[in-house]
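**Q** Take this structure first; my questions come after.
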Amino acid sequence: MTEYQCTIKKPVSVSGTGLHTGQQGTLTFKPAPTGHGVVFCRVDKPEKPLIKAHVSNVVDTSRGTTIGVNGTRVYTIEHVMASLTGLGIDNVLIELDMEETPIRDGSARYFVEALTEAGIQVQDKPREYLIIDEELRIDNDEKGFWLSISPAGDYSVDVTIDYGTQVLNVQNASMGSLGDFAVQIAPCRTFVFLHELEYLLGNNLIKGGDLSNAIVFVNRKVSQEELDRLAELFNKPKVKVKEEGILNNLELHFPNEPARHKLLDVVGDLSLVGMRIKGHVKAYRPGHYANTEFAKIIFNQYFNQINHEKRTAIRPAERAGL
Ligand SMILES: [Zn+2]
């Protein structure tokens with residue numbers, strides 16, 4: 001069965017604050033023609049520069065995935081990218097009037113809701129796939145992560161997280177196909193350890209946080225004084241540590257919500273290869289650096305096999321002229 005490229009039926013916007021920059025603004029998804037892909041446009045700049053969502057444009061992965069061209073950047077694109085992939089949207093122009101996408105509740109839920117509301121428009125050109133025909137792998141002993149991708153008829157992802165801390169045990173999350181994304185993965189919010197949060201706040205690296213857009217794990221003893229200070233910083237009347245070792249700012253949507261969020265990030269970051277993937281991904285302790293480095297490996301492996309006019313991934317038998 002031929003699958004066709006998709007865009008959205010009408011423009012739709014999501015407004016809010018950027019987590020790291022603290023800027024407030026609006027992101028607008030707009031329909032785009034076949035072959036366009038996902039392209040960001042910084043409409044707050046006079047020249048309205050375009051930045052293609054592609055692994056070759058990744059310029060920073062320290063706190064989120066950032067793309068940039070000629071000094072113009074878009075920060076924290078991963079949840080937007082995962083939403084588009086999860087809903088099967090190939091072509092869209094994303095206008096943004098600030099440097100960073102809105103964080104909203106730290107999940108992909110608001111983007112998925114907006115795109116669903118806009119409606120999916122099936123286009124008249126077939127969708128082309130990057131078909132994994134042999135296992136690829138990245139291992140990094142120093143940072144303690146690995147990812148692999150192996151041949152499969154669909155796109156599926158298994159994630160394991162393990163931070164060697166009691167408060168957040170080893171967790172697994174799986175997505176059998178992209179059809180599970182919107183309900184099972186998209187609502188899962190980002191998480192942070194309390195010591196990281198204090199570092200980020202102390203260094204002014206987190207400006208759009210209000211304690212509702214991250215699950216906060218408390219992995220050490222913390223005084224009431226510190227909790228009161230956090231409550232003040234986040235404008236909450238009272239903050240306490242719940243039995244499961246998380247702050248009482250929110251309720252978990254799923255017991256393994258952290259692992260599911262890491263899966264969401266993997267989907268977003270790997271989409272930067274620029275094509276739909278058919279393969280089975282396994283990821284151990286993934287993160288934006290790990291994911292985007294792996295996306296580069298996948299892209300480089302298949303880049304030479306891609307006919308750029310048709311952007312078609314060619315199977316080994318076809319390459320051999322069989
Ligand atoms: Zn994330």
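**Q** Name the single residue that is nearest to the ligand (Cβ to nearest atom) among those in region 159-170 being closer than 12 Å to Lys262 by Cα and over 15 Å from the mean Cα position of the chain (by Cα).
**A** Ile161
**Q** Considering every residue within region 134-145, establish whether at least one is part of a helix (DSSP H, G or I) and not β-branched (Val, Ile, Thr).
**A** The answer is no; no qualifying residue exists.
**Q** A follow-up question, please. Please find, within region 33-80, the residue that is surrounded by the most Cβ atoms within 10 Å (Cβ to Cβ) out of those that are among the hydroxyl-bearing types (Ser, Thr, Tyr) and within 15 Å of the ligand (Cβ to nearest atom).
**A** Selected residue: Thr65.
**Q** Right, next: When the residues of region 242-294 are narrowed to those that are within 16 Å of the ligand (Cβ to nearest atom) and among the acidic types (Asp, Glu), which ends up farthest from Glu3 (Cα to Cα)?
**A** Only one residue fits best here, namely Glu257.
**Q** For region 147-166, does any single residue satisfy the condition of being in contact with a Pro (Cβ under 8 Å, 6 or more places away or on another chain) and either charged (D, E, K, R) or at pLDDT below 95 (or both)?
**A** No, that holds for no residue.
**Q** Go through the residues of region 171-180 one by one and say whether even a single one is under 20 Å from Thr17 (Cβ atoms) and within 16 Å of the ligand (Cβ to nearest atom).
**A** The answer is no, given that none of the residues of region 171-180 is under 20 Å from Thr17 (Cβ atoms) and within 16 Å of the ligand (Cβ to nearest atom).
**Q** Scan region 81-95 and give yes if some residue there is modelled with pLDDT under 95, touching a Ser or Thr at 6+ places or on another chain (Cβ under 8 Å) and more than 16 Å from the ligand (Cβ to nearest atom), otherwise no.
**A** no
**Q** Please identify the pairs in which a residue from region 258-269 that is in contact (Cβ under 8 Å) with a residue 12 or more places away in the chain and in a helix (DSSP H, G or I) has its Cβ atom under 7 Å from the Cβ atom of a residue that is near the ligand (Cβ under 10 Å from one of its atoms) and acidic (Asp, Glu), counting only partners at least 6 apart or on another chain.
**A** Listed by first residue and then by second, the contacts come to Asp265/Glu78; Gly268/Glu78; Asp269/Glu78.
**Q** Still on this structure: Could you check region 137-180 and list, in sequence order, the residues that are among the hydrophobic types (A, V, I, L, M, F, W, C) and buried (at least 17 other Cβ atoms within 10 Å of the Cβ)?
**A** Ile138, Phe145, Trp146, Leu147, Ile149, Val157, Val159, Ile161, Leu168, Ala173, Met175, Leu178, listed by residue number.
**Q** Tally time: how many residues in region 183-219 are among the aromatic types (Phe, Trp, Tyr) and modelled with pLDDT under 80?
**A** 1
The values are calculated or read from the model by the stated rules, or taken from the named source; none is laboratory data. These numbers were taken from a predicted model, which means no experiment stands behind them. Ideal geometry is used to build each Cβ from the backbone, glycine not excepted, and the neighbour counts take in all protein chains shown.
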